[in-house]
1. How high is the FRET efficiency between Leu21 and Lys65 when r is their beta carbon distance and R₀ equals 35 Å, given to the nearest 0.05?
2. Give me the extension gain from Arg8 to His202: residue separation times 0.36 nm, minus the current Cα-Cα distance, reported in nm with one decimal.
3. Per the Kirkwood treatment, what hydrodynamic radius in Å, one decimal, follows for region 56-117 from the mean inverse distance over all distinct Cα pairs?
4. At 0.36 nm per residue, minus the direct Cα-Cα distance, what do Gln181 and Asn149 gain on full extension? Give it in nm, one decimal, please.
5. Taking 0.36 nm per intervening residue step and subtracting the Cα-Cα distance, what contour gain separates Ala189 from Ala246 on full extension?
6. Pop out the ³J(HN,Hα) list for region 142-151 in order, Karplus 6.51 cos²θ - 1.76 cosθ + 1.60 with θ = phi - 60°, rounded to Hz; leave Gly and Pro as x.
7. Give Lys65/Lys92; Lys295/Lys317; Lys70/Lys111; Lys54/Lys151; Lys161/Lys188 a once-over and call out the pairs whose C-alpha atoms are over 25 Å from each other.
8. Please find the FRET efficiency linking Asn255 to Ser294, where r is the Cβ-Cβ separation and R0 is fixed at 45 Å, and quote it to the nearest 0.05.
Amino acid sequence: MQLTDNRRQITVGLFLIIGLLIFIVGIFTLGSQKKAFIKSITLNVVFDDIQGLKTGNNVWFSGVKIGTIKKIQFYGTSQVQVFVNIEEEAHKYIHKDASASIGSDGLIGNKIIVITGGSPKFPFVEDGDKLRVNTTLSTDDIMKTFQVNNKNLVEITSNFKELSKGLVEGKGAAGALLTDQQIAANFKAIVENLKTTTESAHRMSAQLDQFSKKMNTKGGLADKLLTDTAVFAKLQASVNELQKTAKSAAVMTENLNTASGKLNQKDNAVGLLLNDPKTADQVKSIMLNLETSSKKLDEDLEALQSNFLFRGFFKKKAKEAAKQSN
């Protein structure tokens, strides 16, 4: 009986020792994972939104775990201040201009803080320093953007489905073009006309190019006009003469206008004859009287020729005229 009790005590003692060893190993294991027994410094970051960060979450630098979140508290009116423990050995890689952002340990893993090292021209961080916040998009922001893009893609797919359905049913101009043979034929004719117009434009362009080449031919009129100063001087002189002629024509036209204006007035003889009926009648009467007088004068001359006193004189004149004609 005594032997059985001793064995039982020894067994219990062994189990207690083994349990104590497991407990000690577990403490050191968890401590090594949390790096509780490693000398560290404390840094802090102020975020507008910590996106679910918790005390004890990891801190990463260049893909390596260098610390954990020590404390989380509100800061200011609506911000949150996060204190992190960083291994003292890691601080020589982190500069004072380093920034911190919130990430995820995988797509659906725990939230972590990711620190970027900064520029070497700045000194290393010290205990109590405050890191600036990196404003790059977080994983949650990226997922939200993906959700918005997926929603837009669904709407675009729906719209395209309705559009393709309308095309098949012949709705709209594009649908009618695909289903209506007459419209398709008209569109084909339009394309042919455009093709013909394009060919005509191409030919016209070629002709213009050929014409421009002829104008640039050395010795031609265009070349002489552009390069020969003598031809240009003659052309300029001709233009000056044309300008003088035009000025003379303008003066003559003005004189004619002045003369025609005077013809419409009654302060001169011609205007009076043209515009005053009474004067015209008087001139007509004078012309009639002159005609009557000339007839009477002819009759008187014939009578004088028949008179014996002047008959010899007129015969002598007739003989002289006959000699001069011969």
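1. Values: r = 27 Å, r/R0 = 0.77.
Efficiency computed from Cβ-Cβ geometry: 0.80.
2. Numbers: separation 194, 0.36 × 194 = 69.84 nm, distance 11.26 nm.
Working it through step by step, the gained length comes to 58.6 nm.
3. Working: mean 1/r = 0.0812 Å⁻¹.
In region 56-117 this quantity evaluates to 12.3 Å.
4. Values: separation 32, 0.36 × 32 = 11.52 nm, distance 3.97 nm.
Additional length available on full extension: 7.6 nm.
5. Numbers: separation 57, 0.36 × 57 = 20.52 nm, distance 5.44 nm.
Length gained, Ala189 through Ala246: 15.1 nm.
6. With the stated coefficients, region 142-151 comes to 5, 5, 5, 5, 4, 5, 5, 5, 5, 5 Hz.
7. Values: Lys65/Lys92 15 Å; Lys295/Lys317 22 Å; Lys70/Lys111 14 Å; Lys54/Lys151 31 Å; Lys161/Lys188 27 Å.
Cα-Cα > 25 Å for Lys54/Lys151; Lys161/Lys188; rest within.
8. Numbers: r = 37 Å, r/R0 = 0.82.
Step by step, r from the Cβ atoms, then E = 0.75.
Any read-out appearing in this document is the output of simple, stated calculations on the displayed coordinates, not a laboratory observation. Note that this is a predicted model, so its numbers are computed, not measured. All Cβ positions, even for glycine, are placed from backbone atoms using ideal geometry, and neighbour counts span all protein chains on display.
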